[in-house]
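The values are calculated or read from the model by the stated rules, or taken from the named source; none is laboratory data. Predicted, not measured: the structure shown is a model, and the values here were computed from it. A quick note on method: Cβ atoms are made from the backbone with ideal geometry, for glycine too, and the neighbour counts reach across all protein chains shown. In case anyone asks, the SASA skips ligands and DNA or RNA and just uses the protein heavy atoms, side chains included. Shrake-Rupley method; radii C 1.70, N 1.55, O 1.52, S 1.80 Å.
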Number of protein chains: 2
Amino acid sequence: MKRITILAGGVGGARFVRGARTLAQATGAEITVVANTGDDLWLTGLRVCPDLDSIMYSLGGANDTERGWGRAGESERVSAELTAYGVGWPWFTLGDLDLGTHIARTALLREGLTLTEVTQRLCLRWNPGVRLLPATNDEVETHVEIVDGSGRTQLIHFEEWWVRHRGNVPTRRFVHRGLESSSAAPEAVEAILSADVVLLAPSNPVVSVGTIIALPGVAAALRTTAAPVIAVSPIIGGSPVRGMADICLGVIGVDVSAAAVGQHYGARTQGGLLDGWLVDPVDAGELPLLERAGIPARSLPLWMNTDEDSAAIVAGALQLAGEVRGP
Amino acid sequence: MKRITILAGGVGGARFVRGARTLAQATGAEITVVANTGDDLWLTGLRVCPDLDSIMYSLGGANDTERGWGRAGESERVSAELTAYGVGWPWFTLGDLDLGTHIARTALLREGLTLTEVTQRLCLRWNPGVRLLPATNDEVETHVEIVDGSGRTQLIHFEEWWVRHRGNVPTRRFVHRGLESSSAAPEAVEAILSADVVLLAPSNPVVSVGTIIALPGVAAALRTTAAPVIAVSPIIGGSPVRGMADICLGVIGVDVSAAAVGQHYGARTQGGLLDGWLVDPVDAGELPLLERAGIPARSLPLWMNTDEDSAAIVAGALQLAGEVRGP
């Protein structure tokens, strides 16, 4: 399994990818990461791509491991200036070092480069050891239909829902703005089609992996590829590994359990996406349910505290891929 | 003389305007500043307006008085990031605090505000005590035609000529890119037409005041206004008060003397712009020459070391305005 393609969200996705890189350093595998771009936004005239940057910084060793996101050694001098001018979102932190990335990205985009090309250019600096691709070059941004204090329906950007409201507001649905006129990045589709194995990281199944899959061309590529598609449960013992996947699943009416999310992705043999599904041992009781749904499933420890933990999960996913592919 | 309108460049212009403000605080006059925008540029996707910012920071008390330009307490963390990404001009300093202004300005411009509106909005924070206007809302940028090392003619942005080359390169001419399709800002024209007196600051007569005057509508307004137009020599004893006016004057073939610059602006009675001209006592020997050219001229100390120095110069200019206006 030389070519491994991973669909991933931001911080959790980065942890999973670091494990894959650790494994690949031993086996010589090549890793391509297709990252969620649904959280992207224009903020004060700058293009911000939270998930791409989380992965880039983490793989480049520049992430803030204590805080869990953003750059290590970050400061917020520019942000304070913007607040003084009354510009931007005061509740959305734009660190100075992080702003360097946003400014560089925006300058390159305005020169006419695609987001795929820009990401490649930015990664030259960080040597992430993987090929990092945005899921699309188009601006497809996740918005959230909420009910505000006066009972009115409002559409707000996902980052406002997530960072400002912490998802703690009556929520009707997620909307992918710009989806209709978009397409998946050709490089991302090709990475799925030419892979030896495709892994879905234990990222948010609704607003990270779900948003990638919603892009025109991605689901078709996942169904067409000769590679087995193996996913890792982002739910352990009825709770999300990190983030607010439980709230997001509630919005789309899916139970917060490893089995329910597996069934939400569905068995590839029955029109779904999965050739295999990994759950944590605490959820081993759900394995028969998954098998009955046609989804080959195994249990192994899914907590990613170290790169070695993540590497073991990736190794388990590759083993399952070998089993489901058959002799 | 209640309404004073000043045409000004950046750092030197700011010193002159501070003096005018000091004087106005005693007399109740209202000051409007029409600032040069020819040095403006798009840099890494951000709109940078050096002269507007120099005046805004200086009048707002936020300028770096030791360095002579930019913000006090400045740092360059973001700039180092841009350099690491290979984006931007490494020789053009973008301070973190200054970047806050550029980002805020760019965000507001992209929302559709004119530069005049944006400047007003940014000034809300700084309380400059004067009305600060850009000379134009259009993008008219000064470029410089130089001869490069291999003898080829090149057009470079003024800031590249000024900051990177320090003007020390064979120079053919200055070009106002975008001038043909531009017009002066309506507010700037109105400020000239409705003034009781118009002052030309001792800023660079070629690339600061000269660039403002070159804008379609400005020279006509200066010739039409009922207000006397009084200018202050930027040349003292054959040398520029600050900056590289000597090199700029050389490029357009004007001698570096108070009399020559006065004659370059010309007597309003003879198709030029000036109703009066102030020179330093060291240049008093040139007064007869100026009078013969039809330009009423007086000498008084023109060095601006303190706000009080500048206020005395403005007071002298207002006195001359009263004299030339007649009874």
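Below is a table of values for the structure above.
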| item | result |
| --- | --- |
| Residues being over 15 Å from the mean Cα position of the chain (by Cα) and assigned to a helix (DSSP H, G or I) - total across the stretch A:20-64 | 7 |
| Exclusive hit being modelled with pLDDT under 95 and surrounded by fewer than 23 Cβ atoms within 10 Å (Cβ to Cβ), set A:Val251, A:Val241 | A:Val241 |
| Helices (runs of 4 or more DSSP H) within the stretch B:65-163 that include 1 or more residues more than 25 Å from B:Ala20 (Cβ to Cβ), at the interface with chain A (Cβ under 9 Å from one of its Cβ atoms) and touching a residue at least 12 places away in the same chain (Cβ under 8 Å) | B:77-85, B:96-110 |
| Conditions (1) touching a Gly at 6+ places or on another chain (Cβ under 9 Å); (2) in a helix (DSSP H, G or I); number of the one not met by A:Val256 | (2) |
| Check on B:Ser194, touching a residue at least 60 places away in the same chain (Cβ under 8 Å) and either open to solvent by 10 Å² or more (accessible area, probe 1.4 Å) or hydroxyl-bearing (Ser, Thr, Tyr) (or both) | yes |
| Given (1) outside any loop (DSSP other than H, G, I, E, B); (2) in contact with a helix residue (DSSP H, G or I) (Cβ under 7 Å, 6 or more places away or on another chain), index of the condition B:Gly243 fails | (1) |
| Given (1) on the phi < 0 side of the Ramachandran plot; (2) more than 10 Å from every other protein chain (Cβ to nearest Cβ), index of the condition A:Gly167 fails | (1) |
| Test result for A:Gly95, at pLDDT 95 or above and buried (at least 21 other Cβ atoms within 10 Å of the Cβ) | yes |
| Counted residues, the stretch A:212-232 - those being open to solvent by less than 10 Å² (accessible area, probe 1.4 Å) and part of a helix (DSSP H, G or I) | 4 |
| Residue in the stretch A:169-187 that is part of a helix (DSSP H, G or I), surrounded by fewer than 23 Cβ atoms within 10 Å (Cβ to Cβ) and assigned by TED's automatic domain parsing to the domain that holds A:Ala26 present | yes |
| Selected residue (criterion: farthest from the other protein chains (Cβ to nearest Cβ)) from residues of the stretch B:32-55 that are more than 30 Å from A:Ala104 (Cα to Cα) and open to solvent by less than 10 Å² (accessible area, probe 1.4 Å) | B:Val34 |
| Residues located in the stretch A:102-126, provided they are among the β-branched types (Val, Ile, Thr) and touching a strand residue (DSSP E or B) at 6+ places or on another chain (Cβ under 7 Å) | A:Ile103, A:Thr106, A:Thr116, A:Thr119 |
| Residue under evaluation A:Leu199, criteria (1) more than 21 Å from A:Gly250 (Cα to Cα); (2) more than 13 Å from the chain's Cα centre (by Cα), criterion not met | (2) |
| Failed item in (1) surrounded by 18 or more Cβ atoms within 10 Å (Cβ to Cβ); (2) under 29 Å from B:Ser183 (Cβ atoms); (3) in contact (Cβ under 8 Å) with a residue 60 or more places away in the chain; (4) in contact with a helix residue (DSSP H, G or I) (Cβ under 8 Å, 6 or more places away or on another chain), with B:Ser58 passing the rest | (3) |
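Let's see how each residue does on (1) part of a loop (DSSP other than H, G, I, E, B); (2) surrounded by 18 or more Cβ atoms within 10 Å (Cβ to Cβ); (3) at pLDDT below 95:
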position: B:His264; (1), (2), (3): no, yes, no
position: B:Gly272; (1), (2), (3): yes, yes, no
position: B:Asp283; (1), (2), (3): no, yes, no
position: B:Glu286; (1), (2), (3): no, yes, no
position: B:Leu302; (1), (2), (3): yes, yes, no
position: B:Gly316; (1), (2), (3): no, yes, no
position: B:Leu320; (1), (2), (3): no, yes, no
position: B:Pro327; (1), (2), (3): yes, no, yes
